[in-house]
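The values are calculated or read from the model by the stated rules, or taken from the named source; none is laboratory data. Predicted model only: the values in this text are computed from it and were never measured. In this analysis, Cβ positions are derived from the backbone assuming ideal geometry, glycine residues included, and neighbour counts consider all displayed protein chains. Heavy atoms of the whole protein, side chains included, go into the accessibility calculation; ligands, DNA and RNA do not. Shrake-Rupley method; radii C 1.70, N 1.55, O 1.52, S 1.80 Å.
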Amino acid sequence: MLIEIKNRYDGSVIFSGEFESLLLAVEEAVRKDTSLEHANLNHANLYGANLEHANLGHASLEHANLGGANLGHANLGGA
């Protein structure tokens, strides 16, 4: 299915592609060094995700499940 990760402020698409889940889309964006700064990830189930070195600065993570996620060296400033 088409997954789009959008900017929380203006709705523009930050990253998109065909993925089975949002978790896989987010991990692929991180692998490709896509900045997810300002991403709207509200209610995202990112349990166990590899988000090492992710730029999630000012991302909206309200009610997101980050349990077990690898956040080593991730930028979460303002998130």
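None of 12, 16, 21, 35 is touching an Asp or Glu at 6+ places or on another chain (Cβ under 6 Å) and either open to solvent by 30 Å² or more (accessible area, probe 1.4 Å) or aliphatic (A, V, I, L, M) (or both) except 16. I'd like to verify a number: residues in the stretch 22-49 that are among the charged types (D, E, K, R) and either at pLDDT below 95 or not in a loop (DSSP other than H, G, I, E, B) (or both), how many? Residues meeting the conditions: 3.
The condition of being in contact with a strand residue (DSSP E or B) (Cβ under 7 Å, 6 or more places away or on another chain), farther than 17 Å from residue 4 by Cα and buried (at least 16 other Cβ atoms within 10 Å of the Cβ) holds for only one of 50, 65, that being 50. When we screen 35, 16 for residues that are hydroxyl-bearing (Ser, Thr, Tyr) and over 18 Å from residue 79 (Cα atoms), the only hit is 16.
Tell me, please, whether a residue that is among the hydroxyl-bearing types (Ser, Thr, Tyr), within 11 Å of the chain's Cα centre (by Cα), part of a strand (DSSP E or B) and at pLDDT 95 or above can be found in the stretch 50-68. Taking every residue of the stretch 50-68 in turn, at least one turns out to be among the hydroxyl-bearing types (Ser, Thr, Tyr), within 11 Å of the chain's Cα centre (by Cα), part of a strand (DSSP E or B) and at pLDDT 95 or above. Residues that are part of a strand (DSSP E or B), in contact (Cβ under 8 Å) with a residue 24 or more places away in the chain and farther than 20 Å from residue 65 by Cα within the stretch 4-14 comprise just one, 14.
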